[in-house]
Structures are given as structure tokens and as C-alpha cells.
1. For the range 38-50, give me the residue count where each residue is among the small types (G, A, S) and surrounded by 11 or more Cβ atoms within 10 Å (Cβ to Cβ).
2. Looking at A82, A53, A92, can you tell me which residue is touching a residue at least 12 places away in the same chain (Cβ under 8 Å), buried (at least 20 other Cβ atoms within 10 Å of the Cβ) and in contact with a helix residue (DSSP H, G or I) (Cβ under 6 Å, 6 or more places away or on another chain)?
3. Looking at the structure I just gave you, is C70 in contact (Cβ under 8 Å) with a residue 24 or more places away in the chain, within 19 Å of A152 (Cβ to Cβ) and not in a strand (DSSP E or B)?
4. What number of residues within the range 15-37 satisfy the criterion of being at pLDDT 85 or above and surrounded by fewer than 10 Cβ atoms within 10 Å (Cβ to Cβ)?
5. Within the range 24-36, can one find any residue that is farther than 29 Å from G136 by Cβ, in contact (Cβ under 8 Å) with a residue 12 or more places away in the chain and in contact with a Gly (Cβ under 6 Å, 6 or more places away or on another chain)?
6. When the residues of the range 153-191 are filtered to those that are modelled with pLDDT under 80 and among the small types (G, A, S), which remaining residue is nearest to N133 (Cα to Cα)?
7. Mind telling me which of the residues A87, A122, A117 ends up being crowded, with 20+ Cβ neighbours inside 10 Å and either touching a helix residue (DSSP H, G or I) at 6+ places or on another chain (Cβ under 8 Å) or touching a residue at least 24 places away in the same chain (Cβ under 8 Å) (or both)?
8. Anything in the range 95-114 that is buried (at least 22 other Cβ atoms within 10 Å of the Cβ) and either part of a loop (DSSP other than H, G, I, E, B) or without any contact (Cβ under 8 Å) to a residue 12 or more places away in the chain (or both)? List them, or say none.
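The values are calculated or read from the model by the stated rules, or taken from the named source; none is laboratory data. What you are looking at is a predicted structure, and each value in this text was computed from that prediction instead of being measured. Cβ coordinates were reconstructed from backbone atoms using ideal geometry, including for glycine residues, and neighbour counts include every protein chain displayed.
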Amino acid sequence: MKKLTKEQALEKIEQLKKYVSEKEQEEPKGFVIKNWRNDSEIYVSKADNVREAVIEAVENVANLSGANLCEANLREANLSGADLRGADLRGADLYEANLREANLREANLSGANLSGADLSGAYLCEANLREANLRGANLSGADLSGAYLGGADLGGAELGLAKFYGKGGTVKLKKDQVTDFLNALGFQVID
């Protein structure tokens with residue numbers, strides 16, 4: 001075995017560091033979930049698409065607050081208990097997704113498809129649900145305090161024990177919308 005001088009050993013260490021660094025650069029990253037505010041990495045997945053990356057992140061109890069998931073296809077995904085505070089989910093497809101007890105505080109879900117989704121016990125305070133499709137969604141026990149629901153479709157949604165304490169008076173209903181709204185809240189309007 002050949003003996004190395006201190007300088008030779010240090011040079012070999014530097015060569016090894018360089019080699020490792022180059023190899024790490026070559027290894028392909030999976031899908032990267034980024035923050036919509038500053039484009040920083042929130043979660044690096046082994047998956048190669050947003051759907052599988054989000055599911056993996058939720059399974060690993062990752063904090064996805066502020067995630068840029070705009071127009072993501074998350075149909076039928078199990079996101080139960082997910083931390084999606086302040087996430088950008090504009091136009092996302094969450095058809096029949098399991099969002100039970102998810103934290104969606106201040107999330108932007110405008111134009112999202114949440115039809116048939118399970119949002120029971122979800123925390124949707126101050127969430128933007130403008131023009132969201134919530135038809136047939138389960139919102140029982142959800143907290144929608146201060147949520148913006150302008151133009152949202154709540155037809156057939158389960159709203160038992162949902163909390164709607166809000167900003168009061170900011171959304172106007174037309175007379176022909178009152179019946180649909182009351183039906184969405186579980187009331188039967190009779191003449």
C-alpha cells in the first residue's frame with residue numbers, strides 16, 4: 001500500500017468531493033413542488049408528475065403551504081390531512097379527491113373542480129372559492145369562516161355543521177338564486 005503525503009490526501013479528498021458533486025448534478029430530480037410566491041423548492045419528489053408528487057408529499061406529511069398547484073390534476077387523490085395553507089390551486093381538478101381535515105386556510109381554489117370531493121372537517125378559512133365547482137361535495141363540519149364563495153356552485157353539496165361565519169353582506173344573491181342557496185344548505189323550500 002502506497003503512503004500519501006498530507007497534501008496528496010487533501011488533493012484526493014477534493015477530487016472525490018468534485019466527483020460526488022458532479023454525480024449529484026447528473027442524477028435526475030423527480031418532480032419539484034415550488035412555492036408560488038418566491039419559486040423556492042418546497043418538496044422534491046421521486047415521482048415525475050405533479051399528481052404523484054403531491055400524493056407522495058402528503059403521505060410523507062410534508063408541509064405544502066404556499067405550493068404552486070395551479071391547474072394540477074389531483075382527481076380522486078387522497079390528500080386527507082394535507083397542509084395546503086395558502087396554496088395556489090386555481091383551476092385544479094380535485095374531482096372526488098379526499099381532502100378530509102385538510103388545512104386549506106387562505107388557499108386559492110378559484111375555478112377549481114371540487115365536485116364530489118370530501119372536504120369534511122376541512123379548514124377553509126379565508127379560502128378563495130370563487131367560481132369553484134363544489135357540486136355534490138361533502139363539506140360537513142368544514143370551517144368556511146371568511147371564505148369567498150362568489151359564483152361557487154354548491155348544488156347538492158353536504159353542508160351539515162359547516163361553519164360559514166364570514167364577512168357578512170359582501171356577497172349578494174339574486175332572488176332566483178335564493179332557492180338554490182337554501183337547498184345547498186339543506187333546506188327544502190316549499191310554496
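1. The initial filter retains those residues of the range 38-50 that are among the small types (G, A, S), namely 40, 45, 47.
With surrounded by 11 or more Cβ atoms within 10 Å (Cβ to Cβ) added as a condition, the list becomes 45, 47.
Qualifying residue count, the range 38-50: 2.
2. Values: A53 fails: in contact with a helix residue (DSSP H, G or I) (Cβ under 6 Å, 6 or more places away or on another chain); A92 fails: in contact with a helix residue (DSSP H, G or I) (Cβ under 6 Å, 6 or more places away or on another chain).
Matching residue, one of A82, A53, A92: A82.
3. Numbers: in contact (Cβ under 8 Å) with a residue 24 or more places away in the chain: yes; within 19 Å of A152 (Cβ to Cβ): yes; not in a strand (DSSP E or B): yes.
The answer is yes for C70.
4. Total meeting the criteria: 0.
5. If we filter the range 24-36 for residues that are farther than 29 Å from G136 by Cβ, which is where we start, we get 24-32, 34-35.
Now drop any that are not in contact (Cβ under 8 Å) with a residue 12 or more places away in the chain, which leaves 29-32, 34-35.
Then keep just the ones that are in contact with a Gly (Cβ under 6 Å, 6 or more places away or on another chain); that gives 35.
Yes; the residues of the range 24-36 include at least one that is farther than 29 Å from G136 by Cβ, in contact (Cβ under 8 Å) with a residue 12 or more places away in the chain and in contact with a Gly (Cβ under 6 Å, 6 or more places away or on another chain).
6. Restricting attention to the range 153-191, the residues satisfying the condition of being modelled with pLDDT under 80 are 164-191.
Narrowing further to those that are among the small types (G, A, S): 166, 168-169, 184, 186.
Details: G166: 20, G168: 22, G169: 22, A184: 13, G186: 18 Å.
Ranking the candidates gives A184 first.
7. Working: A122 fails: either touching a helix residue (DSSP H, G or I) at 6+ places or on another chain (Cβ under 8 Å) or touching a residue at least 24 places away in the same chain (Cβ under 8 Å) (or both); A117 fails: either touching a helix residue (DSSP H, G or I) at 6+ places or on another chain (Cβ under 8 Å) or touching a residue at least 24 places away in the same chain (Cβ under 8 Å) (or both).
That would be A87, the only listed residue that is crowded, with 20+ Cβ neighbours inside 10 Å and either touching a helix residue (DSSP H, G or I) at 6+ places or on another chain (Cβ under 8 Å) or touching a residue at least 24 places away in the same chain (Cβ under 8 Å) (or both).
8. A97, L99, A102, L104, A107, L109, A112, L114
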